[in-house]
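To start, the structure under review is shown below, and the notes come after it.
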Amino acid sequence: MHRLIVVKLGGSLITDKQRPLSLRREALASVSREMAEICESRRLVIVHGGGSFGHFAVLRAAGSRSKLVEEVRYWMTQLNLEVVRTLRERGVPAVGLPPIALAVLDGEGLCRVDAELVSWLLEAGLVPVTHGGLVRAEAGGLEIVSGDTLASELAVRLGAEALIYLMDVDGVYTSDPRAGEGARLLKVVTPRSLDTIRGSSSGMDVTGGIRLKLMEALRAARSGVRVALGGVRELRAMVEGVEGRYTIVKP
Ligand code: ATP
Ligand code: IP8
């Protein structure tokens, strides 16, 4: 079997998280070209974030559970369709896969994915494209799960060669690189350095921003997956695991 890469396309990369419902079409097109290139040598699973669609939809629901389901399903489906369409235009055999059909939250609140379904799609030569959003909870009802969590769970369950978190910045910094001067790019993040990292997200965000991403990255790294976080420019280096300007996560 070909080696497998799981890529989380950050909502900060494919949308403008400062402005509701704003797609970054050029960024999405250029990342889709890179995805097509990865497909030439690897199997690929893509998870995208909510960006200014998902996080906006949650805010728009203003605390109503039924509105939350309605708004999040609608806007995340729209975003997923845009992502899948752009990938297909670049030659990637992308198949949208809503998280509600893929994952459940177990009794302990842990996210469990249907790895068999994803394996079947991969065997068929397809590229599953799921996203952060609503999943069923065993305790009842539907809950929001971040694409960061789905990506790490998929990478662990499918035994991925690498898990790559693509963002609109070059990796993890000592503090938010957009918030002012002085932020330094970290080459390596370990559990020990986690508490020294400052910052949250690039705009509207309800799932935990950079902190959740690092917790999920560490969880996958502990299971033996190679984990990198960075920008599109260094994607190939991250796929091959060679030196570059990005962050790696070590258990
Ligand atoms: P989504 O959750 O919508 O998929 P995402 O995964 O791309 O979005 P965010 O959760 O918004 O990403 O996190 C990335 C953003 O976090 C960057 O745009 C950056 O400005 C901001 N940020 C805050 N603190 C840091 C930090 N210490 N290092 C790197 N980025 C940081
Ligand atoms: O942006 C959350 O997924 P994330 C999706 O990957 C939402 O954290 C808020 C619907």
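No lab work stands behind these numbers, since they all come straight from the coordinates. Just so we're clear, the structure is a prediction, and the values are computed from it rather than from any experiment. Every residue, glycine as well, gets a Cβ built from its backbone with ideal geometry; the counts of neighbours run over all protein chains shown.
Just wondering, is there one or more residues in the range 66-85 that are hydroxyl-bearing (Ser, Thr, Tyr), away from ligand 1 (no atom under 16 Å from the Cβ) and not in a helix (DSSP H, G or I)? No, the range 66-85 contains no residue that is hydroxyl-bearing (Ser, Thr, Tyr), away from ligand 1 (no atom under 16 Å from the Cβ) and not in a helix (DSSP H, G or I). Note on the range 59-80: among residues that are over 23 Å from residue 235 (Cα atoms) and in contact with a strand residue (DSSP E or B) (Cβ under 7 Å, 6 or more places away or on another chain), the one that is farthest from ligand 2 (Cβ to nearest atom) is 69. Contact map, the range 51-65: residues that are away from ligand 1 (no atom under 16 Å from the Cβ) paired with residues that are not in a loop (DSSP other than H, G, I, E, B), Cβ distance under 7 Å, separation 6+ or inter-chain. Pairs shown: 61/67; 61/68; 61/71. If the condition is being in a helix (DSSP H, G or I), of a type outside the set (A, V, I, L, M, F, W, C) and within 16 Å of ligand 2 (Cβ to nearest atom), then the range 1-39 contributes 11, 12.
Out of everything in the range 65-94 that is among the aliphatic types (A, V, I, L, M) and touching a helix residue (DSSP H, G or I) at 6+ places or on another chain (Cβ under 6 Å), what residue ends up being farthest from residue 26 (Cα to Cα)? Selected residue: 68. Every listed requirement among (1) of a type outside the set (Ser, Thr, Tyr); (2) surrounded by 15 or more Cβ atoms within 10 Å (Cβ to Cβ); (3) in a helix (DSSP H, G or I); (4) within 15 Å of ligand 2 (Cβ to nearest atom) is met by residue 47 save one, (3).
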